[in-house]
Amino acid sequence: MPALGSTQTEIPTCACQTFSVRGRRDALRFLAAGAALFGLPACARAADDKQYEAMLLSCIDPRFVDPVHSYMAGRDLSGQYSQFTIAGAAIGVVAPKFEAWHQAFWDNFATSLTLHKITAVIAIDHRDCGAAKIAYGPDSIATPEAETQLHRRVMAQFRAEVARRHKDVTVETWLMPISGAPERID
């Protein structure tokens, strides 16, 4: 490896990730991250040929990050799923307003199928979703009934699209309230 700070060095960390070192700071960040993960990048376990449970599709809303992770931990799935986070969760994957985002999800999903050998996708939308308002208008979530109907429709589209692309994959769809347990949407 060249002297730190002299040139850029690519360090392959696993099949799906490369870390670029451009100087002392990057090298220290790389070493600190590696030490925190016991020398393994987060996706290095994919190389062990283990099958993982699922891919989690969730929203970027900061209010739901911890509740979603707690829910997954409560199902004993910690460390057993890959994750894709996008505004609106399933809304971001099927809404015409966000069409430019759709392919990014499907490419990541296909990658998780290949690398992590997942057999399921768990989509968790949430109530009071700003992406729903953007994609379908404020009236779409004006009442709890309208909001539930919107998410039922979106989740049905999402399940149909997964089935069309990957017939062997199980799909779970959930709607999470601001506080409390998610409800299954089938």
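Specify the residue that is farthest from residue 106 (Cα to Cα); the eligible residues are those in region 120-152 that are β-branched (Val, Ile, Thr) and touching a residue at least 60 places away in the same chain (Cβ under 8 Å). Full working, then the answer.
The initial filter retains those residues of region 120-152 that are β-branched (Val, Ile, Thr), namely 121-122, 124, 134, 141, 143, 148.
Cutting the leftovers down to touching a residue at least 60 places away in the same chain (Cβ under 8 Å) gives us 121-122, 124.
Details: 121: 12, 122: 14, 124: 16 Å.
If we take residues in region 120-152 being β-branched (Val, Ile, Thr) and touching a residue at least 60 places away in the same chain (Cβ under 8 Å), then 124 is farthest from residue 106 (Cα to Cα).
Please find, within region 128-186, the residue that is farthest from residue 75 (Cα to Cα) out of those that are part of a helix (DSSP H, G or I) and among the basic types (Lys, Arg).
Going through region 128-186, the residues part of a helix (DSSP H, G or I) turn out to be 130-136, 138-141, 144-165.
Still in the running and among the basic types (Lys, Arg): 133, 152-153, 159, 164-165.
Working: 133: 30, 152: 23, 153: 26, 159: 21, 164: 27, 165: 27 Å.
Filtering region 128-186 for residues that are part of a helix (DSSP H, G or I) and among the basic types (Lys, Arg), the one farthest from residue 75 (Cα to Cα) comes out as 133.
Can residue 149 be described as surrounded by 15 or more Cβ atoms within 10 Å (Cβ to Cβ) and of a type outside the set (Lys, Arg)? I'd like the intermediate steps shown before the answer.
Details: surrounded by 15 or more Cβ atoms within 10 Å (Cβ to Cβ): no; of a type outside the set (Lys, Arg): yes.
When the stated conditions are applied, residue 149 does not pass them.
Hey, among the residues in region 170-186 that are surrounded by fewer than 17 Cβ atoms within 10 Å (Cβ to Cβ) and β-branched (Val, Ile, Thr), which one's nearest to residue 88 (Cα to Cα)?
My answer is 178.
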**Message:** Within region 69-95, take every residue that is part of a strand (DSSP E or B) and not hydroxyl-bearing (Ser, Thr, Tyr) and give me the one that is surrounded by the fewest Cβ atoms within 10 Å (Cβ to Cβ).
**Reply:** 83
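Quick note: the coordinates plus some simple rules give every number you see, no bench work behind them. Quick caveat, the model's predicted, so the values are computed rather than measured. We place every Cβ from the backbone using ideal geometry, glycine too, and count neighbours over all the protein chains shown.
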